[in-house]
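Quick notes on the structure that follows.
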Amino acid sequence: MVATVEATESAALNRCLPLFLHRRCPERHENMNITYFVETELPHVRRFYTASSIAFNEPRALQGLVQNKEQFTQTSTSSNAYPVNVLEVNRKLKELVKTGHLKDARQMFDGLSQRNVVSWTTMISGYVNASDSSEALKLFYKVWVEPDLAMDDFALSIALKACGLHLNEKHGEILHGYSVKTGFVNSVFVGSALLDMYMKTCRVWEGCRVFEEMPLRNVVSWTAIITGLVHAGCNAEALRYFSEMLRSGEEYDSYTFAIALKACANTGALNYGREIHTQATKRDLDACSFVANTLVTMYNKCGKVLYGLRLFEKMMTRDVVSWTTVITTYVQMGQENHAFQLFLQMRESEVCPNEYTLAAIISACANTARMEWGEQLHAHVLIVGLLDTLSVANSIMTLYSRCGQFNSASTVFHGMSRRDIVSWSTIIAGYSQGGLGEEAFKYLSWMRKDGPKPTEFALASVLSVCGNMAILEQGKQLHAHVLSVGLEHRAMVRSSLINMYAKCGSIQEASRIFNWTENDDIVSWTAMVNGYAEHGHSKEAIDLFEKIPMVGLRPDSVTFIGVLTACSHAGLVDHGYHYFNSMSEEYGINPSKEHYGCIIDLLCRAGQLSDAEHMITSMPFTRDDVVWSTLLRACRLHGDVDRARRAAEQILLLDPNCAGTLITIANIYSAKGRWKEAADVRRLMRSKGVIKEPGWSWIKIKDQVSAFVAGDRLHPEWEDIYAILHLLASREAIQEMGSLEYDVDDLQKFEFSFPILQASHIECDLSLRLSSGSC
């Protein structure tokens, strides 16, 4: 055993001799023997190493082998000497840590009667690798105050890594000060660890300063600064450092290439990415899995999807990251069917999906409302134990919310052991988009009380609820909260405020917000254009639309819906056709079904029913009941019975029990004196048991919301309400309305179009929202 140790020590010394002897005594290093070097030079190794600006691995081995020259020289005479035991124990300790048996390693460590710096560093490193920074720092501070142990740069770098792990900035600053005072800051190990710690704690400027002051840099240092900048969103600066690294002649590895390609992907720097691709190919690094995966991501994000797919197809070995990258790309492009096919191929190739793969494919199910597939994936997630993964749980909540299964989404949310800002925003947005405003407000209040600080996503979702429900008072309170937290300049919040005030009837306040802030995003412009259009201010909407190119912005498809709606309300047929044609000719936007619907509505309002019908039959989309209903209403207004009959037939093919369509066509027949046809339609309704869904309304008085529906007698003051309504719905009132076609259903609809306004509440701020039943 002693001979083995001596051989190991001799080999370690021989590896270090050429460097140390040449630096300290170049004229003697050819003839100096090991014994002389150990007895005369080793006491100075630690001092020499600590003061140096260069980090070496070999001196570290010497320090672990030899604590002092007396113990070293006694190894040949005592088989139970201290270095032999410590070396063997450290080897076993390292093996336990490396294999993940951290508890067993700690028990062994605590039972040691003698420990050297290697023992302590091994345990500290184990806790850092296990993400237990608290225990790692506790052990490190014990090393710091231990009088028999001398600090080295490797232990200090591990402690700095622990600080960056859980954002312990205060401890990191203390260690930074200590490293400057002792000179350890000049070590490339400590400098790189300091740089990494500051980058992970989002103190980018301090990290860059540490990097600039480093006397020596290696590939780890360069990669750390580039990685930190990319994660901080400073992609252009990261690419500048990468270029500087290339010019300095520093060797770089596949990790450096991968993070530089990620910066190119984030900024859309396709040409720069191609250059890096060329360099990686020359050095045979493009075959490395994570470089190849990053290349695929870069080409996909830069719009060269075919390039990315071609690289994926050429991969010799495809790991889970490769599959996940391409699946995620398809989902982000809206090509969910391709994502499903690729996921099935991945399963056939026996590559197990990870949490990111499952999150992406569940998102695809949510986007396409594939509830059955999503439930199967949810069951698989439960089996493999990934439900506690935030990305997966958030995707499952999104799936259930978009499919209208809000109870299931709430169950997933309440069952999460930990929640991030995305979790809260997802559940709030789900309830908001589902029209469940009260629940959305409850979760927002809960988030403000116990969760993280609400972001613009959560606030924008609840502001949308306020706009859709026309509850201005709550919208104003949210506006005040937005101002207090300083989020009023965020594009998403600003556009939601404009939209909320416009839908609540306060177009002046919406205009004030738009004019007061610096609107450098198309979303705010679109919200304002739509607001003007919905309020009938067609001229203002068109004028604002014309200013968009002047400020350097390009209108998107939603912006065109707003300006086409404005043209429709103003009856500007020529303007409407001009904007409709300019979508594809000037901006390269293919008109969607919604844009065709706007033009059809424009033609119907202008009385050009023949052109409207031709537009419906020639549009490159499946004709739904919305466009036919638009034509049907216009036919009733203009008395076109034959065209109304054709439109009604098309609607009934899609929905045979659409009560609104049957009532409308019956009224059209009655207005033209075609009583037999009207009676046949009403007889058909009775035979099918079709009943018109009654209109409903709600009114808010002194923070109390009351909902009403025709025939409702559940309100505690329903008798007084009906007394007022019958008074308003008297025959004289009907004659003043100029209507000659009211039946019982129409009378009920008329009654509940005027909710009671109690005299004692007239001075209150009221919010009224009306909605009629539709097929």
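Leaving out ligands and nucleic acids, note down the accessible area per residue over the range 312-432 with a 1.4 angstrom probe, in whole Å². All intermediate terms of the calculation are to be shown ahead of the outcome.
Numbers: 5800 Å² over 121 residues.
That works out to 48 Å² per residue.
Taking the range 521-595 on its own, what percent of its Cα-Cα pair distances exceed 18 Å?
31
What is the log10 of I(q)/I(0) for the range 565-607, computed with the Debye formula using one identical point scatterer on each Cα and no solvent, at q = 0.16, 0.22, 0.29, 0.33 Å⁻¹?
Treating every Cα as an identical point scatterer, log10 I(q)/I(0) equals -0.36, -0.65, -1.00, -1.14.
Mean shadow of the range 400-552, computed from the convex hull of its alpha carbons, in nm²?
9.4
At a Cα cut-off below 22 Å, give the lysines reachable from Lys94, other chains included and same-chain residues fewer than 8 away excluded.
Qualifying lysines at Cα under 22 Å: Lys103, Lys138, Lys142, Lys161.
Calculate how large, on average over all directions, the projected area of the Cα convex hull of the range 275-373 is; give the answer in nm² to one decimal.
6.2
Count charges around His489 for me, please; just the other residues with Cβ under 12 Å from its Cβ, Lys/Arg as +1, Asp/Glu as -1.
Combined, the nearby Lys, Arg, Asp and Glu give -3.
If I take every Cα pair under 8 Å that is 6 or more residues apart in the range 261-309, average their sequence separation and divide by the length, what percent do I get for the relative contact order?
43
Going from the alpha-carbon gyration tensor of the range 469-611, what semi-axes, largest first and in whole Å, does one get by taking the root of 5 times each eigenvalue?
Each semi-axis is the square root of five times an eigenvalue, giving 29, 17, 11 Å.
Considering only the other residues whose Cβ falls under 11 Å of the Cβ of Gly268, what net charge follows from Lys and Arg at +1 and Asp and Glu at -1?
Once all neighbours under 11 Å are counted, the net charge is +2.
Largest first and in whole Å, give the semi-axes of the range 148-248's equivalent ellipsoid, each being the square root of 5 times a Cα gyration tensor eigenvalue.
23, 15, 10
Identify the GluC sites (Glu not before Pro) of the range 246-325 meeting these criteria: DSSP loop state and at most 11 other C-beta atoms within 10 Å of the C-beta.
For GluC sites (Glu not before Pro) across the range 246-325 that sit outside H, G, I, E and B with at most 11 neighbouring Cβ atoms in 10 Å, the list reads Glu251.
Run the accessible area of the range 446-571 with a 1.4 Å probe and give the carbon-and-sulfur part as a rounded percent.
52
Calculate, for the range 172-249, the solvent-accessible area per residue in square angstrom, rolling a 1.4 angstrom probe over the heavy atoms of the protein chains.
Accessible area per residue: 42 Å².
Rule-of-thumb check for the range 362-406: C-alpha Rg over 2.2 N^0.38 Å?
Ratio of Rg to 2.2 N^0.38 Å for the range 362-406: 1.02.
Roughly to the nearest percent, how much of the accessible area of the range 386-430 is carbon and sulfur, given a 1.4 Å probe? Before the final figure, lay out the partial values.
Details: 830 of 1730 Å².
Roughly 48 percent of what the probe reaches on the range 386-430 is carbon or sulfur.
Counting alpha carbon pairs within less than 8 Å and at least 6 residues apart, what relative contact order, in whole percent, applies to the range 147-277?
It rounds to 18 percent for the range 147-277.
Give the dimensionless ratio obtained when the Cα radius of gyration of the range 213-322 is divided by 2.2 N^0.38 Å.
1.03
At q = 0.14, 0.17, 0.18, 0.21 Å⁻¹, work out log10 I(q)/I(0) for the range 323-448 with the Debye formula, treating every Cα as an identical point scatterer and leaving solvent out; two decimals please.
-0.58, -0.83, -0.91, -1.18
Restricting to Cα atoms and excluding each atom paired with itself, what does the Kirkwood estimate give for the range 534-644 in Å?
Roughly 14.4 Å, rounded to one decimal.
Per residue and in cubic angstrom, what volume does the convex hull of the Cα atoms of the range 595-684 have?
Spread over its residues, the Cα hull of the range 595-684 gives 76 Å³ apiece.
Please tell me the relative contact order of the range 270-388 in percent, rounded to the nearest whole number, where contacts are Cα pairs under 8 Å and at least six residues apart.
Relative contact order of the range 270-388: 17 percent.
Could you pull the Cα extents of the range 137-194 along its three principal axes, largest to smallest, in whole Å?
30, 24, 16
Calculate what fraction, in whole %, of the accessible area of the range 94-142 sits on carbon and sulfur atoms when a 1.4 Å probe is rolled over the protein chains.
48
Take the eigenvalues of the Cα gyration tensor for the range 316-369, scale each by 5, and report the square roots as semi-axes in whole Å, largest first.
So the three semi-axes of the range 316-369 are 18, 10, 10 Å.
What is the mean projected area of the alpha carbon convex hull for the range 440-516, to one decimal in square nanometres?
Values: hull surface 18.0 nm².
Result: 4.5 nm².
The values are calculated or read from the model by the stated rules, or taken from the named source; none is laboratory data. Just so it is clear, the model here is predicted, and its values are computed rather than measured. Don't worry about glycine lacking a Cβ; one is built from the backbone with ideal geometry, like all the others, and counts go over all protein chains shown. What goes into the accessible areas is simple: the full protein's heavy atoms, side chains included, and nothing from ligands, DNA or RNA. Shrake-Rupley method; radii C 1.70, N 1.55, O 1.52, S 1.80 Å.
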